[in-house]
Amino acid sequence: MKNYDFDEIIDRKNTSSLKYDFGPERKKRDDLLPLWVADMDFRLPPEIIEDIEKRVRHGIFGYTDPKDDYRTALRNWFLQRHGVVIKDNWNVITPGVVYAIATAIRALTYEGDAVIIQQPVYYPFAETIKLNGRKLVNNQLIYKDGRYEIDFEDFENKIVSENAKLFLLCSPHNPVGRVWTKEELKRLADICKKHDVYVFADEIHSDFIYRGVKHTSYLELGEEYTEKLIIGTSPSKTFNIAGLQIANIIIPNEETRKSFLIHNEAAGYTQCNAIGLAATISAYTKGAEWLDELIEYLEDNVTFLREFLAEKLPKVRLIEPEGTYLVWLDFSDVTDSHKELEKLIVDKAHLWLDSGIIFGKETALFERINIACPRKVIAQAMDQLYEAINN
Ligand SMILES: Cc1ncc(COP(=O)(O)O)c(C=O)c1O
């Protein structure tokens with residue numbers, strides 16, 4: 001029996017929502033159906049809202065630091081969902097994973113040092129490297145037969161030739177939807193270890209894994225890979241609380257953690273968001289059942305999208321996601337012009353998706369669609385796309 005309703009359409013307008021309320025500023029139009037930025041159109045389950053309300057009703061929101069109830073909730077979540085043990089002193093709270101990536105870049109590398117990423121990838125990786133005055137090095141993923149693979153040879157060659165100091169790993173990978181296998185991760189880890197490269201493993205999407213697929217946390221590779229490791233995790237994607245600004249950054253090695261903490265303090269960040277902390281504890285303690293149902297719903301959304309495209313828009317190719325609620329679509333059989341594609345999506349279909357070009361210059365004919373919304377909304381979006389392509 002289902003306990004939660006993911007079909008309800010909730011009006012998010014006029015909540016200062018980045019997804020819904022910034023069309024005029026960002027796209028110069030106010031009539032687009034938004035399926036872009038990675039948050040969800042689903043409400044938290046009542047039991048978690050109640051815990052947040054309880055905290056709000058207390059009425060005092062002074063400086064707040066995590067205590068054992070947070071550490072216990074975090075430890076249990078990662079043990080139960082991912083089978084990994086997180087020791088209490090490994091975790092550092094930050095307001096977000098991107099903030100932690102920026103902090104890690106400053107803590108672990110010097111200006112001008114090379115930092116390696118695998119495009120197409122979540123665009124703040126590249127932006128953060130460049131804005132911090134580091135050199136961006138790209139190990140392009142291989143796109144073959146509708147699937148993405150890692151070019152290990154190029155990865156190692158670039159690490160050596162560019163003397164890369166840090167690798168930003170996206171695991172699972174946004175936007176291509178790959179959930180890297182243990183073997184793939186181990187090969188990357190061995191190369192990084194051999195050349196003394198720090199790894200920031202961004203595992204923010206690791207709670208969204210589809211049937212028959214297993215996420216391997218970097219921690220599972222073994223203790224010998226933890227010396228130069230930072231793992232970015234957060235309840236913000238899993239429970240749709242990005243606006244509450246809490247991320248759990250796992251740093252097993254003391255030296256690495258110290259370096260991170262110094263730069264964290266240098267940025268002036270110390271205590272965390274009080275409501276975010278209450279929400280995180282509640283979500284990690286009470287949210288498992290809701291998440292399980294949500295993943296099933298998302299999987300059915302992928303099925304809907306796949307079937308619609310196969311039947312009605314076969315020229316739009318869906319890259320099969322193994323996890324995440326972001327689906328990568330290849331439009332290269334629809335048009336060979338990025339400008340035309342943008343016109344099609346925005347001006348004709350009236351959709352707001354994330355254009356592939358922001359994830360890397362080789363994917364200008366791709367779009368990323370966020371399927372974490374009621375199925376009716378996806379159906380509406382697909383009807384609009386169908387009309388735009390056929391008329
Ligand atoms: C791979 C990845 N990392 C980080 C983030 C954002 O994390 P935060 O809001 O905690 O900075 C996202 C959001 O889409 C993401 O996809």
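None of the figures in this text is laboratory data; all of them are computed from the coordinates on show. On a predicted model such as this, the values are computed, not experimentally measured, just so you know. All Cβ positions, even for glycine, are placed from backbone atoms using ideal geometry, and neighbour counts span all protein chains on display.
For this structure, a couple of remarks:
- Counting only DSSP beta bridges whose two residues both lie in the chain, roughly 55 percent are antiparallel.
- Taking trypsin sites (Lys or Arg not before Pro) across the range 30-119, the ones in a DSSP loop with at most 12 further Cβ atoms lying within 10 angstrom of their Cβ are LYS67, LYS87.
- The gain in end-to-end length when the ASP383 to TYR110 segment is fully stretched comes to 93.3 nm, 0.36 nm per residue minus the alpha carbon separation.
- Placing +1 on the Cβ of every Lys and Arg and -1 on the Cβ of every Asp and Glu, with nothing else charged, gives the range 322-391 a dipole about its Cα centre of roughly 260 debye.
- Computed extension length for TYR63-ALA267: 71.7 nm, one decimal, from 0.36 nm per residue of separation with the Cα-Cα distance subtracted.
- Förster radius 35 Å - calculated FRET efficiency between PHE152 and PHE304, Cβ distance, rounded to 0.05: 0.50
- FRET efficiency, SER337 to ASN3 (Cβ-Cβ, R0 41 Å, nearest 0.05): 0.30
- Among ASN301, ASN264, ASN163: highest mean-square fluctuation, GNM of the chain, C-alpha pairs under 10 Å: ASN163
- Dividing the summed helix terms, -39500 (n - 2.57) for each DSSP H run of n ≥ 4, by the number of residues in the chain produces a 222 nm estimate of -12000 deg cm²/dmol to the nearest 500.
- ³J(HN,Hα), Karplus 6.51/-1.76/1.60, whole Hz, each residue of the range 50-62, x for Gly, Pro: 4, 5, 5, 4, 4, 5, 5, 5, 4, x, 10, 10, x
- Number of Lys pairs (Cα under 16 Å; 8 or more positions apart or on different chains) in the range 106-240: 15
- Less than 5 angstrom separates the built amide H of ASP151 from those of ILE142, all sequence-distant by 5 or more or on a different chain.
- Highest-first arrangement of 234-241, 185-192, 306-313, where packing means the average Cβ count within 10 Å: 234-241, 185-192, 306-313
- The modelled label-to-label distance between LYS54 and GLU293, using points 7 Å beyond Cα along the C-beta direction, is 2.0 nm.
- Options THR303, ILE378, ALA388, ranked by Cα towards positive dipole end of the range 282-391, top entry (Cβ charges): ALA388
- Whole-number percent relative contact order across the range 61-286, with pairs defined as alpha carbons under 8 Å at least 6 apart: 27
- Put simply, the amide H of ASP113, placed in the peptide plane, has neighbours under 5 Å in LYS135, leaving out anything fewer than 5 places away on its chain.
- Size-normalised alpha-carbon gyration radius of the range 61-286, reference 2.2 N^0.38 Å: 0.97
- Length gained on full extension, SER161 to ILE10, computed as 0.36 nm times the residue gap minus the Cα-Cα distance: 49.2 nm.
- Shape annotation for the chain: C-alpha extents along the principal axes are 60, 57, 40 Å, from largest to smallest.
- Computed magnitude of the charge dipole of the chain (debye, nearest 20; Cβ of K, R +1, Cβ of D, E -1): 620
- Of all DSSP beta bridges confined to the range 79-175, the antiparallel ones make up roughly 35%.
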